[in-house]
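**Q** Here it is, the structure, as structure tokens.
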Amino acid sequence: MSDKERVKVGIIGSQFEGEIHAASFQMIPDEAEVVAVASPTPGHAQKLADRFGIARVFTDYKQMLAEKDIEMVTIAAPNYLHAQMTVDIAKAGKHVVCEKPLCMRLEEADLMIKTCRHEGVLLLYAEELFFTPKYVKAKEMADQGAFGKVYLVKQLEKHFGPHAPWFWDVEKSGGGVFMDMGCHGIAFCYWFLGRPKIKTVYCQMATHVHGDKTKGEDDSICILEFANGAVGLIEDSWARRGGMEDRIEVCGEGGVTYADLHMGNALPTYSEYGYGYAVEKAPTTKGWTWPVFEELWNYGFPQEMRHFARCVRGKEEPQATGEDGRVVQEVLYAGYQSAATGGKVQLPFRPDGAHRPIDLWLKERSETPKS
């Protein structure tokens, strides 16, 4: 593909997720090229640029948006910044790739969708589980009727906590592990089942380990009831020691499938001395570990970014949109409301007076008398 045909990309953010974006685009050189990165933290953007050969560096993303050749901008910034950044990107006439969760409030989600539509740009929702090879294969089999009528979809993701300090700060993140990782499971179950209407949300959550770091929950369980009769079960934790676990289970009246994101492409390894890197969130490389290969490809990141670049060129129809992100946002609010009240919450659900999803849960906890 010629240089003119490749989509020119700018990245906002230069830490963990920004690195994933940059590395993923580097794996699809025929479709896209990262030409700029912006981060307000001194030195961070330059470090990322040096590592991935990115030509232009900015400390103010609005200056990057003035670059005329940039066609698509990816947001790898804290959740509370997503909405304003999306509006600014769209008004600059550039397509938007927004990391999950979409934003903090439903009003913001509506504004993001409306603005992008008005400006004639795409709002693409960066949910990599839609592109994870094992999970895509599971959906392909389900859609072909391998399991008959699917009645249960489970998604589980657990580890011992996030990689950046802002995740612990509910003012910036909007919630704890349910906000951070439950959004994956909500989107996955919704997508896997063909986006049926979600009828009810039920959640339990607690802070078991990290109460010294966050007001947010570090463990959550969520049950979704869909209009087609299926159930989604989503388990998430920042309290699990021993590394990362990420897997799904699909049950139908005619079959079942299991997919573990890490096992099956890992090397069972024992080392007295340790080594460089095993897998995301692994606390050590000594003793028994399970190092993975082609980690980003197995997660689905480069496939996701390839799809988004092709959407910009009109070669593919978007498979992960702002509308998907808004559905997830509504369920997040309903989940925190459910955890606060102890009962199911019917959708549609419009929270009253909550600026962050977790406010619904924190308010109930603050009002509950201590025994």
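**Q** Can you name the residue in the stretch 80-89 that is out of contact with any Gly (no Cβ under 8 Å at 6 or more places or on another chain) and surrounded by fewer than 24 Cβ atoms within 10 Å (Cβ to Cβ) and is also nearest to residue 68 (Cα to Cα) among such residues?
**A** 88
**Q** Can you confirm whether residue 98 is closer than 24 Å to residue 170 by Cα and either aromatic (Phe, Trp, Tyr) or part of a strand (DSSP E or B) (or both)? First the steps, then the outcome.
**A** Values: closer than 24 Å to residue 170 by Cα: yes; either aromatic (Phe, Trp, Tyr) or part of a strand (DSSP E or B) (or both): yes.
For residue 98, the condition - closer than 24 Å to residue 170 by Cα and either aromatic (Phe, Trp, Tyr) or part of a strand (DSSP E or B) (or both) - is met.
**Q** Provide a single number: the residues in the stretch 21-70 that are in contact with an Asp or Glu (Cβ under 8 Å, 6 or more places away or on another chain), surrounded by fewer than 21 Cβ atoms within 10 Å (Cβ to Cβ) and within 15 Å of residue 7 (Cβ to Cβ).
**A** Count: 2.
**Q** Can you confirm whether residue 179 is of a type outside the set (Lys, Arg), within 20 Å of residue 128 (Cβ to Cβ) and buried (at least 17 other Cβ atoms within 10 Å of the Cβ)? Outline the logic, then answer.
**A** Numbers: of a type outside the set (Lys, Arg): yes; within 20 Å of residue 128 (Cβ to Cβ): yes; buried (at least 17 other Cβ atoms within 10 Å of the Cβ): yes.
The answer is yes for residue 179.
**Q** Condition test on residue 61, is it over 20 Å from the mean Cα position of the chain (by Cα), modelled with pLDDT of 95 or more, over 22 Å from residue 307 (Cα atoms) and hydroxyl-bearing (Ser, Thr, Tyr)?
**A** Values: over 20 Å from the mean Cα position of the chain (by Cα): yes; modelled with pLDDT of 95 or more: yes; over 22 Å from residue 307 (Cα atoms): yes; hydroxyl-bearing (Ser, Thr, Tyr): yes.
Yes: the conditions hold for residue 61.
**Q** Separate question: Among 76, 164, 90, which is assigned by TED's automatic domain parsing to the domain that holds residue 239 and under 23 Å from residue 59 (Cβ atoms)?
**A** The unique qualifying residue is 164.
**Q** To continue, here is another question. Among the residues of the stretch 101-143 satisfying the criterion of being outside any helix (DSSP H, G or I) and either modelled with pLDDT under 95 or hydroxyl-bearing (Ser, Thr, Tyr) (or both), which is farthest from residue 331 (Cα to Cα)?
**A** First pass over the stretch 101-143, keeping only residues outside any helix (DSSP H, G or I): 101-105, 120-127, 131-132.
The next check asks that each one be either modelled with pLDDT under 95 or hydroxyl-bearing (Ser, Thr, Tyr) (or both); those that pass are 125, 132.
Working: 125: 16, 132: 22 Å.
Going through the qualifying residues, I end up with 132.
**Q** May I pose another question? Can you name the residue in the stretch 8-19 that is crowded, with 24+ Cβ neighbours inside 10 Å and at negative phi and, of all such residues, is nearest to the chain's Cα centre (by Cα)? First the steps, then the outcome.
**A** Residues of the stretch 8-19 crowded, with 24+ Cβ neighbours inside 10 Å: 9-14, 18.
Still in the list and also at negative phi: 9-12, 14, 18.
Numbers: 9: 19, 10: 19, 11: 16, 12: 16, 14: 17, 18: 13 Å.
Looking at residues that are crowded, with 24+ Cβ neighbours inside 10 Å and at negative phi, I get 18.
**Q** Can you tell me which residues in the stretch 258-301 are touching a strand residue (DSSP E or B) at 6+ places or on another chain (Cβ under 9 Å), of a type in the set (Ser, Thr, Tyr) and surrounded by fewer than 11 Cβ atoms within 10 Å (Cβ to Cβ)?
**A** Hit for the stretch 258-301 is 270, nothing else.
**Q** Continuing with the same structure: Please pick out the residue among 315, 281 that is basic (Lys, Arg) and at positive phi.
**A** Numbers: 315 fails: at positive phi.
Criteria check complete, one pass: 281.
**Q** Can I ask one more? Looking at the stretch 343-358, which of its residues are without any contact (Cβ under 8 Å) to a residue 24 or more places away in the chain and either among the charged types (D, E, K, R) or within 18 Å of residue 221 (Cα to Cα) (or both)?
**A** 352
**Q** Take residue 185 and tell me if it is in a loop (DSSP other than H, G, I, E, B) and of a type in the set (Gly, Ala, Ser). Before the answer, list the steps.
**A** Details: in a loop (DSSP other than H, G, I, E, B): no; of a type in the set (Gly, Ala, Ser): yes.
For residue 185, the condition - in a loop (DSSP other than H, G, I, E, B) and of a type in the set (Gly, Ala, Ser) - is not met.
**Q** While we're looking at this one, here's another question. Taking only the stretch 219-241 into account, find how many residues are in a loop (DSSP other than H, G, I, E, B) and either crowded, with 17+ Cβ neighbours inside 10 Å or among the aromatic types (Phe, Trp, Tyr) (or both).
**A** Narrowing the stretch 219-241 to residues in a loop (DSSP other than H, G, I, E, B): 227-230, 238-241.
Cutting the leftovers down to either crowded, with 17+ Cβ neighbours inside 10 Å or among the aromatic types (Phe, Trp, Tyr) (or both) gives us 230, 238-240.
Count: 4.
**Q** Answer yes or no: is there a residue in the stretch 90-109 that is among the β-branched types (Val, Ile, Thr), on the phi < 0 side of the Ramachandran plot and surrounded by 24 or more Cβ atoms within 10 Å (Cβ to Cβ).
**A** Restricting attention to the stretch 90-109, the residues satisfying the condition of being among the β-branched types (Val, Ile, Thr) are 96-97.
Now restrict to residues that are on the phi < 0 side of the Ramachandran plot: 96-97.
After this cut, where a residue has to be surrounded by 24 or more Cβ atoms within 10 Å (Cβ to Cβ) as well, the list is 96-97.
Looking through the stretch 90-109, at least one residue is among the β-branched types (Val, Ile, Thr), on the phi < 0 side of the Ramachandran plot and surrounded by 24 or more Cβ atoms within 10 Å (Cβ to Cβ).
**Q** Identify, from the list 17, 33, 67, 5, the residue that is touching a helix residue (DSSP H, G or I) at 6+ places or on another chain (Cβ under 8 Å) and touching a residue at least 24 places away in the same chain (Cβ under 8 Å). Full working, then the answer.
**A** Numbers: 17 fails: touching a helix residue (DSSP H, G or I) at 6+ places or on another chain (Cβ under 8 Å); 67 fails: touching a helix residue (DSSP H, G or I) at 6+ places or on another chain (Cβ under 8 Å); 5 fails: touching a helix residue (DSSP H, G or I) at 6+ places or on another chain (Cβ under 8 Å).
After ruling out the rest, the residue left standing is 33.
**Q** Got a sec? Which helices (runs of 4 or more DSSP H) wholly within the stretch 1-80 have at least 2 residues that are of a type in the set (Gly, Ala, Ser)?
**A** Working: elements: 16-26, 44-52, 61-65.
Per the criteria, 16-26, 44-52.
**Q** Which ones in the stretch 286-305 are part of a helix (DSSP H, G or I) and either touching a residue at least 60 places away in the same chain (Cβ under 8 Å) or under 15 Å from the mean Cα position of the chain (by Cα) (or both)?
**A** Of the stretch 286-305, the ones part of a helix (DSSP H, G or I) are 295-299, 301-305.
Scanning the stretch 286-305 gives 296, 297, 298, 299, 301, 302, 303, 304, 305.
**Q** Checking residue 191 against (1) assigned to a strand (DSSP E or B); (2) of a type in the set (Phe, Trp, Tyr); (3) closer than 26 Å to residue 98 by Cβ, only one condition comes out false. Which one?
**A** If we test residue 191 against (1) assigned to a strand (DSSP E or B); (2) of a type in the set (Phe, Trp, Tyr); (3) closer than 26 Å to residue 98 by Cβ, just (1) comes out false.
**Q** Okay, moving on. Among the listed residues 253, 272, 245, which satisfies the condition of being assigned by TED's automatic domain parsing to the domain that holds residue 158 and more than 29 Å from residue 179 (Cβ to Cβ)?
**A** Details: 272 fails: assigned by TED's automatic domain parsing to the domain that holds residue 158; 245 fails: more than 29 Å from residue 179 (Cβ to Cβ).
Checking each option against the conditions leaves just 253.
The values are calculated or read from the model by the stated rules, or taken from the named source; none is laboratory data. Just so you know, these numbers come straight off a predicted model, no measurement behind them. Note: ideal-geometry Cβ built from the backbone for every residue, glycine included; neighbour counts use all protein chains shown.
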